Amino acid sequence: HPSLFVEFLGWFEDPNTLYIAMEYLEMGDLRRYMGKPLPQKTVQEIAKQLLTGLDVMHQKGIAHRDIKPE
């Protein structure tokens, strides 16, 4: 699933854990914007990407249990 905000670099796993590598964002994560007004267009784009990513995961039988802004 493509993202306008962060680049997926790859993944690896050991017998009990799956690790995901993503681009480091110097400006931080979404926690930085919590409690501050954002343009409606930005909020809509973030929500669209989040929901599209979850839809792709669900179509592949993957459930995400812990979605958070970081």
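Every number here is computed from the coordinates shown, using simple stated rules; none is lab data. The structure displayed is predicted, hence computed values, not measured ones. Glycine also receives a Cβ, built like all others from the backbone with ideal geometry; neighbour counts cover every protein chain displayed.
Output the direction-averaged projected area (hull surface divided by four) of the convex hull of the alpha-carbon atoms of the chain, in nm².
On the way: hull surface 22.9 nm².
Its Cα hull, projected and averaged over all orientations, spans 5.7 nm².
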Helix 40-59: inclination vs the chain longest Cα principal axis, degrees, rounded to 10, gives 20
Based on Cβ point charges of +1 for Lys and Arg and -1 for Asp and Glu, what charge dipole magnitude is obtained for the range 8-59 about its Cα centre, in debye rounded to the nearest 20?
420
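Expected output is a single nm value to one decimal: the length gained when fully extending between Lys41 and Phe8, i.e. 0.36 nm times separation in residues minus the C-alpha distance. What is it? Walk me through the intermediate numbers first.
Details: separation 33, 0.36 × 33 = 11.88 nm, distance 2.32 nm.
Between Lys41 and Phe8, full extension yields an extra 9.6 nm.
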